[in-house]
Amino acid sequence: MLILELGHCGLIICIRLILICLFHDSMSTFSMEDLQEPLLAEIIKRVTRTTDLNSISLVSKRLYTVDAEERGTICVGCGLHPATESFSLLCSRFPNLWKVEINYSGWTSIEAQGKQLGNQGLSVLSSHCSSLTDLSLSFCSDINDIGLGYLAHCKKLMALRLSFTPAITSDGLLSVAVGCKSLSTFHLVDCIKVDSVEWLEYLGRAGSVVELVVKDCKGISQFDLLKFGPGWMKLEKFEFEINGNYWLSGPPPDPASDARYPYKYDICCENLKDLRLAHIITMRSDDEGLPAPTAQEIGLRFLLRKCKALEKLCLDYVVGLDEDEMIALFQNCSNLRSLSLRLMPLHQRDWHFRTPLTDESLKALGLSCPMLEVVELTFTFCSSGYPTEIGFTQKGIVALIQTCPIRAFMLNGANMFFDSGLEGISSAPFLEQLELLDCKGITDAGMSFIAHAPRLSSLTLRKCQDVTDNGIAKLAHSAKLESLTVVGCHQISREGVQGAARLVRYSADSESHDSLKGMKLTGKPTAPPVLETFAA
């Protein structure tokens with residue numbers, strides 16, 4: 001598709017080029033006004049960027065009219081002023097909108113950017129856009145339960161994503177659950193006033209939701225998710241995350257241990273294909289803080305025993321993982337294609353202080369998951385002076401990559417992985433993308449080995465402090481890389497990366513620990529380094 005950035009004349013030229021492809025024999029007799037609306041609609045459908053669509057609509061009145069009929073998605077936010085009046089005009093102009101995103105990320109004050117779109121905006125949306133199926137609200141401080149109540153009139157709404165909407169409570173969510181019978185995708189992120197889950201119980205009984213994401217909602221615990229009940233049976237994607245120093249507070253009380261508690265772990269989730277659990281404690285500990293040797297799991301870890309159809313699994317710093325349970329999961333999930341494990345050392349049942357999984361897990365993974373293509377292994381709080389704090393070994397990791405058709409591999413904080421490990425994976429026949437982060441044992445010698453990987457086209461180095469310009473020169477000499485990204489590697493210079501790949505991204509700035517390890521221990525996240533881009 002041509003990039004339409006040439007103004008009105010350029011747009012007309014681009015349109016004529018499309019028409020030449022379709023009617024090359026009779027182009028000389030064509031003018032814009034001769035075109036049939038279906039053909040104009042087809043041209044507009046091939047333009048994907050909003051800025052280009054806005055420019056196209058100014059080329060002619062007919063394109064303006066057709067664009068208004070065909071436009072199905074819009075994203076609005078800080079530039080909408082006055083908010084309600086402008087939004088009403090947009091909804092009137094585009095009557096067939098099916099996807100709307102309202103995002104006030106970066107909004108600071110009424111004085112600087114005007115008033116945000118509030119409840120009346122959702123009233124306008126529900127009355128003007130009868131085809132609405134997908135709505136996202138992000139950083140919308142002026143929308144509360146009254147606004148959500150208007151969404152109950154959107155009978156076709158199938159996807160609702162709420163991110164940092166601080167005025168919304170459980171009552172508003174319940175009104176959406178009751179009114180929107182077709183709701184199949186529901187995301188709730190950082191909504192601080194949601195403190196009960198009647199809405200979740202209702203969605204579970206309705207049985208229409210196939211994608212459920214709950215992140216950073218302090219009023220919702222992992223045990224509350226048991227109340228989703230029969231809804232688990234149809235669920236295909238689930239994500240639950242909390243943040244902060246969660247492991248320091250000890251395991252939370254498990255209400256399901258009370259025989260009188262109506263919600264139990266006898267839940268069916270056989271259709272779950274995509275699962276992510278992040279920053280939760282799933283096992284009781286004894287008085288000394290060690291895992292209780294006879295304790296059953298608590299909370300959402302029950303999912304790991306129940307899933308049979310997983311294709312994507314992400315476990316981020318989950319406290320209480322059991323190796324026998326993980327081996328059984330890998331043996332049951334032969335369709336697994338993507339695996340992300342983020343681990344930190346803790347006291348195990350054998351009294352060793354290490355990450356919970358060993359090479360036995362990697363061996364089971366390699367033997368049982370023949371379609372595995374994407375793997376991330378991240379380790380944090382592991383001392384470089386004690387490599388045994390990581391349960392995996394270099395030999396086990398190399399064996400996994402040589403066994404499975406892995407095309408994308410990320411290794412983060414692996415202080416037991418050295419240049420000889422890169423030599424081992426350099427012969428992997430499927431490896432296309434490699435990311436090495438905070439790997440202290442990797443040097444220029446490792447770059448020499450990886451330069452000979454037969455299919456490697458993308459390499460990322462972040463905080464690999466022993467790789468220098470000499471190592472990058474060896475990569476450049478191989479002339480294989482399509483993409484190279486270097487961040488926070490202090491011995492690699494801006495000049496050293498130029499020409500090493502067809503597309504190079506570079507920053508000498510270091511990343512924060514939270515950014516590097518995928519954690520959120522502190523309050524406000526720090527901005528990532530700004531990358532310079534060089535194209536060959």
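Enumerate the amide H contacts of SER493 below 5 Å, restricted to partners 5 or more residues apart or on another chain; note that Pro and chain-start residues carry no placed amide H. Under 5 Å from the amide H of SER493: ASP469. Annotation for ARG260 and LEU521: the two label points, set 7 Å from Cα along the Cα-Cβ direction, are 4.1 nm apart.
Put simply, when 409-420, 374-385 are sorted by average Cβ atoms within 10 angstrom per residue, most first, you get 409-420, 374-385. In this simple spin-label approximation, SER458 and SER130 carry label points 7 Å from Cα along the Cα→Cβ vector, and these lie 4.3 nm apart. Annotation: aspartates and glutamates with alpha-carbon distance below 12 angstrom to LYS99 (same-chain offsets under eight excluded): ASP134. Give, as a single signed number, the net charge of other residues whose beta carbon lies under 12 Å from the beta carbon of LYS312, with Lys and Arg counted +1 and Asp and Glu -1. Net of charged neighbours comes to -2.
Consider a paramagnetic label point 7 Å from the Cα of SER420 along Cα→Cβ; state which residues of segment 380-413 have an amide N under 16 Å from it. Zone members listed by number: 387-388, 393-399. Maximal additional length on extending the ILE146-HIS477 stretch stands at 112.9 nm, based on 0.36 nm per residue less the C-alpha distance. If R0 equals 30 Å, the separation of the Cβ atoms of GLU360 and ALA408 corresponds to a calculated FRET efficiency of about 0.80.
Gain on full extension, evaluated as 0.36 nm per residue between VAL530 and SER92 minus their Cα-Cα distance, stands at 153.7 nm. Charged neighbours of CYS180, selected by a Cβ distance under 10 Å, balance to +3 (K, R count +1; D, E count -1).
Under 5 Å between amide hydrogens, built in the peptide plane, is the criterion, and for LEU343 it picks out TYR317, THR378, PHE379, THR380 among residues at least 5 positions away or on other chains. Subtracting the Cα-Cα distance of MET371 and ASP514 from 0.36 nm times their residue separation leaves 48.4 nm of extension gain.
Per residue, segment 326-397 exposes an accessible area of 43 Å² to a 1.4 Å probe, with every protein chain left in place. What does the C-alpha gyration tensor say about the overall shape of segment 358-439? Classify as rounded when a/c is under 1.5, otherwise prolate if a/b is larger than b/c, or oblate. Since a/c reaches 1.5 and a/b is larger than b/c, the shape of segment 358-439 is classed as prolate.
Peptides 302-310, 78-86 ranked from most to least packed give 302-310, 78-86, packing being the mean of other C-beta atoms within 10 angstrom over each peptide's residues. Annotation: amide H of ILE298 within the under-5 Å range of MET283, ARG284, sequence separation 5 or more or interchain, hydrogens built in the peptide plane. Applied to segment 405-414, the Karplus parametrisation 6.51 cos²θ - 1.76 cosθ + 1.60 on θ = phi - 60° returns per-residue 3J(HN,Hα) values of x, 6, 9, 9, 9, 10, 10, 10, x, 8 Hz, with x for Gly and Pro.
Rounded to the nearest whole Hz, the Karplus-based 3J(HN,Hα) values (6.51 cos²θ - 1.76 cosθ + 1.60, θ = phi - 60°) of segment 146-155 follow the sequence 4, x, 4, x, 5, 5, 4, 7, 8, 5, with x at glycine and proline. Return the subset of LYS237/LYS520; LYS306/LYS480; LYS115/LYS312 for which the Cα-Cα distance in this structure is over 32 Å, preserving the input order. As for pairs spanning more than 32 Å Cα to Cα, those are LYS306/LYS480; LYS115/LYS312.
The values are calculated or read from the model by the stated rules, or taken from the named source; none is laboratory data. Predicted model only: the values in this text are computed from it and were never measured. Using ideal geometry, Cβ is built from the backbone for each residue, glycine included, and neighbour counts are taken over all protein chains shown. Surface accessibility is based on the protein's heavy atoms, side chains included, excluding ligands, DNA and RNA. Shrake-Rupley method; radii C 1.70, N 1.55, O 1.52, S 1.80 Å.
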